[in-house]
Protein chains: 4
Amino acid sequence: MYNFKNDYAEGAHPLILEQLFSSNLVQELGYGEDHYSKNAKEAIRGQINNPEAPIYFVSGGTQANLLVISHLLRPHEAVISAKTGHIYANETGAIEAIGHRIITVDSVNGKVTASDVAAVIAAHQLRPHVVKPKMLYISNSTELGTIYRKDELMALHAICRQHDLFLFLDGARLGHALTAKDNDLSLADIASYTDVFYIGGTKNGALLGEAIVFRTADLAEDFDYILKQKGALLAKGRILGIQFLTLFTDDLYFNLAKKANRCAQQIADRLIALGFSFLTPPQTNQLFPILPRKVIDQLLAKYAFYIWTEIDETHAAVRIITSWATDETLAANFCKDLEILSENERKR
Amino acid sequence: MYNFKNDYAEGAHPLILEQLFSSNLVQELGYGEDHYSKNAKEAIRGQINNPEAPIYFVSGGTQANLLVISHLLRPHEAVISAKTGHIYANETGAIEAIGHRIITVDSVNGKVTASDVAAVIAAHQLRPHVVKPKMLYISNSTELGTIYRKDELMALHAICRQHDLFLFLDGARLGHALTAKDNDLSLADIASYTDVFYIGGTKNGALLGEAIVFRTADLAEDFDYILKQKGALLAKGRILGIQFLTLFTDDLYFNLAKKANRCAQQIADRLIALGFSFLTPPQTNQLFPILPRKVIDQLLAKYAFYIWTEIDETHAAVRIITSWATDETLAANFCKDLEILSENERKR
Amino acid sequence: MYNFKNDYAEGAHPLILEQLFSSNLVQELGYGEDHYSKNAKEAIRGQINNPEAPIYFVSGGTQANLLVISHLLRPHEAVISAKTGHIYANETGAIEAIGHRIITVDSVNGKVTASDVAAVIAAHQLRPHVVKPKMLYISNSTELGTIYRKDELMALHAICRQHDLFLFLDGARLGHALTAKDNDLSLADIASYTDVFYIGGTKNGALLGEAIVFRTADLAEDFDYILKQKGALLAKGRILGIQFLTLFTDDLYFNLAKKANRCAQQIADRLIALGFSFLTPPQTNQLFPILPRKVIDQLLAKYAFYIWTEIDETHAAVRIITSWATDETLAANFCKDLEILSENERKR
Amino acid sequence: MYNFKNDYAEGAHPLILEQLFSSNLVQELGYGEDHYSKNAKEAIRGQINNPEAPIYFVSGGTQANLLVISHLLRPHEAVISAKTGHIYANETGAIEAIGHRIITVDSVNGKVTASDVAAVIAAHQLRPHVVKPKMLYISNSTELGTIYRKDELMALHAICRQHDLFLFLDGARLGHALTAKDNDLSLADIASYTDVFYIGGTKNGALLGEAIVFRTADLAEDFDYILKQKGALLAKGRILGIQFLTLFTDDLYFNLAKKANRCAQQIADRLIALGFSFLTPPQTNQLFPILPRKVIDQLLAKYAFYIWTEIDETHAAVRIITSWATDETLAANFCKDLEILSENERKR
């Protein structure tokens, strides 16, 4: 039973484990003051052309989201998100638990547009009886596998400036977005057009870890206190530093994402060739093909994946995820099985 | 410069790294549903004679504390702690940030007594103008290196039952407590006399990780939601499971703590022989000797440690911590240096 | 300029002011322990046939909502509401500020149906990654002036029992609901079919005040602490007690609501006669007629009211509210002006 | 049984009720936009020589405290208070419930000194493991009836500026402080030397109400949202406006406080003449005389008051409170009874 359910089914890329091994008995300061963390931050700052950018390493995405939002918003301020956004759909009310409303917008392909933002602003004018929109949260790649184009991000940046909103980008799968075939954004663009974003390690080769990057020191003021208060400051911060240092050495981070995308692309190409359509365009390592229920049922005997949403009585969209660790032979087998099953299905 | 500042200056015990390596490419379910986590929980349940105990693995102590307290207390309920308790002294208001007052008691040696608890209850009778004490938080070993005796824990258990308080034990250094020379408590005792406690991995051989153990299923109801909401549920839960499975195989957890204690004991014995006194009795891997300022200054040239508190104009108490990774030769050197320096000091 | 914007433009019904005067120098205990509060509670308990119902008086609706929800929900639990519900649309994120998500349902006429609730439950199964729906919040009358029928409330009661949800009814305008022409619910029914509800005083003759009524003592356990903690416990609780005692003497509460409804009915009848339609059926003291923009503009020169929502390029729905204090002559003038203006408009 | 337990046993000063009556049917805007509120704010601004000071009326002291603190502090910031401060001793954890630690200082007479503040700052240097002190909360008069002198307030102001702390003054009994015999502060001084303070109405002649005054518009930015979110924005804001307009017409506010103080002074003088001592110096309308237990027991048969604290086996300090409404004849009777009882006691 091979698992296409997610991109965190295995451990870490072997290079990371090797670095953990080789550094293991070196004594370091705790709480992120170690040399590995310092060097990893320098490596990231170099790639975004922002030598002063405050950077913090944390354990996971939900943690990163609640830390940043708790840090930047006052009690009456709200964050705008796609209804499919991770903070709304998958984090057990983490944002409300720290006191803030998420204002959702229905979206196509998991993406928020500048006009969505304008509509939210227009609908929140009855001060003080309504929350005050103060942040836009987007994910790249999105929870539906799609990516933002540079012009789209710039438009969001512009409307956020216009209405004095923070722009926060959840990059749990940022590597996959930035190495997608259709991508025209660089890591430095992401850093320029947002106020804060994070670089996801957990879903791209690390055991755990996300790197939160602020645009300016002002935006990060006292963030160290917030980190500690929310239980996010690891005593052995070195284990995050070592991982990000490894990922940002010799482009490992981007190479791993490329491999995941390439593997997904092969599956997508085969699906297209077989005439299947998709819930959202196949752009990164998350695919949402629409398949006949009967094919799905038979595939589930050999492969694990999620049924995402019903389409009609006989069809559903499923979610297939690849990663840096996906076995390419098994991915090819999956395609072959899919082909056989769908042909059988047609013959009936 | 050798570091006696804390017990998290190095990485993990090599056996743990080996297990991470050997399991690395096995596919597992995420979010703690992996086989390693299941097996690690079984191993712990076996040691506490409580086959139904709900167990959850989290990243660190502050996180464990805020999760448990947020889970068990209603908004008007408060937690009692020693003023030196980690939740009061070292966690940046994490407990208040989730809405609860910490009622502190001045304590001798970092420990809370049953009469302290009774006094707090007596002082909180002016309902509804005062908070309602509903939990007792203790640490074993304490933040001052001391340990609870069985009769002391039983007395706390009894008064908590009497006043309907939860008894929560922070075991960030539980291994060191249970392997101390003076200890008469077993892990099963800890599990019997508390409502919830945790077993600290971070300070005893793991890269990160604490195991939260509830006494009954009722006490843990819906704790999985709380874990996820507070950003504590790791996608790759396997990395916590693998570590605790390793620690609870062949008594590794206790053997590592014993080594740390033994090393501390050797230093303490030498200090006693040299005529020095201690802020609190040297019982575990945290020592608080009182030294002449001049000796301290010279030691700091070769060794890193914290000055804990001023005693008088010429003396201060310092904190010396050993761990499973402490180099015994360097610890012996430290003792030798200490002896020379203190003799020199006397001669003046 | 006569004000139809709301039902709180004047002070209190004169009988209430008289009671405040006549009791003024009697010494009473503070914090709701006064005799007036006790007697007012008895009066309400009598009307709901529940002699043990815990009752608390508070200052306003937002306060009542946040108190009840903070009291009954654990951190990961969410409340279901119509998107037009006061807690979602008009309270500045008060519920999120105490940590809870509001799950909204799109609704017809401001009402939630049992099938809405079932759909929310079905959509929140991915434990623990989603919030846990645990309460249904409804308003009667709703924010759109409509009311619940007995069969509708019973269906909501049944589905809440089935899924272990609390049913909480916001009765800021409960008097208007229970005295509406189409109403078939009694105050005792409201008390039977909900877990907690409140009786609004502010919008029906009081200076301020809402009476929160719990179905059982268990449901109200420690609510006094929550009241005090959220700043809702008035030192001079007598001023709430005196008002509710007056309102629940000789049916004043229901008579005032009847008067407001009657006045609204007269306006609605005239609007219907003139051929206008309504955004929602005119059932209580809040009317939402759809009028030509040109008529609206001219009316606004003499009368104050809110434009509620655009209908098309030439029409909008407005909100007209009457109250116990509405001047019936001026209401008749309003109807006359409306008739003249709309006839003029037609002639063009 | 005459009640000296508190200063909120009666209703409102008759002039206030008269104004409520005479304004009752005037239509006004809701939520504090009424003319009475505007005029009351102007009246207060005139007395503090700060024509731009943002002012907000709220229902009670706990509400005022939690609003201001929630508004001004970020999540990791803490407020310093005397251990006897109302926010610590009497508000059911309201401040912790909005996320902030109260750092208490042991105090003499309920007052905080500049050196107390310096000590707190010194003890919170281990960033980011400790909370960040960011506000000083004081009460004038204090919960023990004492008052701040101008030089004391100026010293607190100076140290708050030095350490970038907000200075917040709880004036629930500000009238009593400013009309005390020993007072050398004016209302304008209070406004100059604090960042925010409030003028208590509830304990000095109003039915309910406190007036929160900010020093600058910046300090109050978006406070209207916070007010609404915490359930503190009354629909009929007029009832607060009318009361403060009345209190700040013809010095009523200060005259009522003077009367309460004068009455307390008479009792205090008699107690001194009888040779009794006090827990804290008798300066305002709260007295804490130390009396023999036997005298206390007999007094309690005719008068209601609180036993404050035990002094020794035969003595306790009690709390006697007077107000604008205290019956001077009964106060004289109380003194007489006290004299007789204490003489009898001595004769035994």
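We did not get these values from a lab; they are worked out from the coordinates using the rules stated. Computed from a predicted structure; not experimentally measured. Positions of Cβ are backbone-derived with ideal geometry, glycine not excepted, and every protein chain shown enters the neighbour counts.
Straight-line cross-link partners of B:Lys302 among the lysines, defined as a Cα under 17 Å from its Cα and at least 8 positions apart when in the same chain: B:Lys5, B:Lys294, B:Lys336. Projecting the Cα atoms of C:His124, C:Ala316, C:Met154 onto the charge dipole of chain C, computed from C-beta unit charges around the Cα centre, puts C:Ala316 farthest toward the positive end. Using Cα centres only, tell me the gap between the range A:84-112 and the range C:67-94 in whole Å. Here the two parts' Cα centres lie 16 Å apart.
Taking amide H positions as modeled 1.01 Å from N, with prolines and chain starts lacking one, the residues under 5 Å from A:Ala316 and 5 or more places away or on another chain are A:Leu291, A:Arg293, A:Ile311.
Each of C:Ser81, C:Ser22, C:Ser70 was scored by other Cβ atoms within 10 Å of its Cβ. Listed from fewest to most, they are C:Ser22, C:Ser70, C:Ser81. Give the calculated FRET efficiency between D:Gln47 and D:Asn109 to the nearest 0.05, with a Förster radius of 45 Å applied to their Cβ-Cβ distance. Here the calculated transfer efficiency is 0.95. The amide H of B:Phe278, built 1.01 Å from its N in the peptide plane, has B:Ile290 as neighbours under 5 Å, considering only residues 5 or more places off or on other chains. For the pair D:Asn255 and D:Asp269, label points projected 7 Å from Cα toward Cβ lie 2.2 nm apart. The P(r) of the range D:14-252 has a tail past 25 Å containing 39 percent of all C-alpha pairs. For the range A:147-156, the Karplus equation 6.51 cos²θ - 1.76 cosθ + 1.60, evaluated at θ = phi - 60°, returns couplings of 10, 8, 8, 4, 5, 5, 5, 5, 5, 5 Hz by residue, with Gly and Pro reported as x. Approximating the spin labels as points 7 Å out from Cα along Cα→Cβ, the A:Asp182-to-D:Asp184 distance works out to 7.6 nm.
Taking amide H positions as modeled 1.01 Å from N, with prolines and chain starts lacking one, the residues under 5 Å from D:Leu136 and 5 or more places away or on another chain are D:Ile80, D:Phe166, D:Leu167, D:Phe168. Antiparallel beta bridges, as assigned by DSSP with both residues in the range A:14-250, represent about 40 percent of the total such bridges.
Computed about the Cα centre, the dipole magnitude for the range D:238-309 is approximately 180 debye when only Lys and Arg (+1) and Asp and Glu (-1) carry charge, each at its Cβ. Fewest neighbouring Cβ atoms within 10 Å first, the residues D:Arg45, A:Arg238 line up as D:Arg45, A:Arg238. Taking GluC sites (Glu not before Pro) in DSSP loop states with no more than 10 other Cβ atoms inside 10 Å as exposed sites, chain D has its longest site-free stretch at D:53-312. Of all aspartates and glutamates in the structure, the ones whose alpha carbon falls short of 13 Å from that of B:Lys41, not counting any fewer than 8 places away in one chain, are B:Glu33, B:Glu52, B:Glu210. Near B:Lys181, which lysines are there with a Cα under 17 Å away, not counting those fewer than 8 places off in the same chain? Partners found: B:Lys150, B:Lys258, B:Lys259. Cβ-Cβ distance of C:Ile340 and C:Ile311, R₀ of 30 Å, FRET efficiency by 1/(1 + (r/R0)^6): the value works out to about 0.85.
Taking the Cα centre of the range C:14-251 as reference, the dipole from Cβ charges on Lys and Arg (+1) and Asp and Glu (-1) amounts to some 440 debye. Per-residue shielding of A:62-68, expressed as the average number of other chain Cβ atoms within 10 Å of the residue Cβ, stands at 3. When the alpha carbon coordinates of the protein assembly as shown are projected onto the principal axes, the ranges are 96, 85, 54 Å, largest first.
In sequence order, the range A:54-62 has phi-based couplings of x, 10, 9, 9, 10, 7, x, x, 4 Hz under the Karplus curve 6.51 cos²θ - 1.76 cosθ + 1.60, θ = phi - 60°, and Gly or Pro positions carry x.
Enumerate the calculated ³J(HN,Hα) couplings along the range C:25-36 in order (Karplus 6.51 cos²θ - 1.76 cosθ + 1.60, θ = phi - 60°), each rounded to whole Hz, writing x wherever the residue is Gly or Pro. Listing the rounded values in order: 9, 5, 7, 9, 5, x, 6, x, 8, 6, 5, 4 Hz.
The magnitude of the dipole of the protein assembly as shown, with charges of +1 and -1 set on the Cβ of Lys/Arg and Asp/Glu and taken from the Cα centre, is near 0 debye.
The trypsin sites (Lys or Arg not before Pro) of the range D:269-305 meeting both criteria, a DSSP state outside H, G, I, E and B (loop) and at most 15 other C-beta atoms within 10 angstrom of the site's C-beta, are D:Lys302.
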